[in-house]
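First the structure, in the form of structure tokens, and then the observations on it.
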Amino acid sequence: GGALYFGDYAVGQRFDHGDAMTVEDAEHMMATRLYHNTARVHFNAHSEKQGRFGRRIVYGGHVISIARGLSFNGLANAWFVGGINAGRHVAPCFAGDTVYAWSEILAKSEAKGRDDFGYLRVRTVATKDRACNDFPYKAGAEGNYDPSVILDLDYWVLMPKA
């Protein structure tokens, strides 16, 4: 585990998870098959050359998995995801893109009748080909997403107390 526990986190606190992972064709196709997704936008390079993006897109569950994996640098002690409030695949991801992530603590909640863990509400934002040291998210009066943002995920994790 990591050095941070429930009491070490504050609402509004942000973490640049620092690491990144470049997506490769073979790994995202394997993940897509494991989840029994057969959509041709993920597999059929021939037909997708004529499609909207001119190439296959990476399965969104794979992007979520990468972002969650990257989040362990800062949220290492999070036991499991206790619930997902909302999520949005903001923009597509393609093989060759490098995924980065940052997270923000949105809320904290005590676990009733428990003194060994609490709940953290977390927003994890994944970007492609852009490091997250400046926490890219939304910009402008319209509140549009930064062009690098590919995932916006709002969820709860169980975090042990020290």
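The values are calculated or read from the model by the stated rules, or taken from the named source; none is laboratory data. As the structure is a prediction and not an experimental result, all values here were calculated from the model. Cβ coordinates were reconstructed from backbone atoms using ideal geometry, including for glycine residues, and neighbour counts include every protein chain displayed. With ligands, DNA and RNA removed, areas are computed over all heavy atoms of the protein, side chains included. Shrake-Rupley method; radii C 1.70, N 1.55, O 1.52, S 1.80 Å.
Structure values in brief
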quantity: Any chance Tyr35 is farther than 14 Å from Val157 by Cβ, in contact with a Lys or Arg (Cβ under 7 Å, 6 or more places away or on another chain) and hydroxyl-bearing (Ser, Thr, Tyr); calculated: no
quantity: Close pairs from the range 34-60: first more than 21 Å from Ile150 (Cβ to Cβ), partner open to solvent by 100 Å² or more (accessible area, probe 1.4 Å) and not in a loop (DSSP other than H, G, I, E, B), Cβ under 6 Å, at least 6 apart; calculated: Ser47/Arg40
quantity: Counted residues, the range 68-97 - those being outside any loop (DSSP other than H, G, I, E, B) and touching a Lys or Arg at 6+ places or on another chain (Cβ under 8 Å); calculated: 2
quantity: Members of the range 106-150 that are within 14 Å of the chain's Cα centre (by Cα) and within 21 Å of Gly83 (Cβ to Cβ); calculated: Arg121, Val122, Arg123, Thr124, Val125, Ala126
quantity: Looking only at the range 1-32, and only at residues there that are without any contact (Cβ under 8 Å) to a residue 40 or more places away in the chain and in contact with a helix residue (DSSP H, G or I) (Cβ under 8 Å, 6 or more places away or on another chain), the one that is farthest from Ala162 (Cα to Cα); calculated: Met29
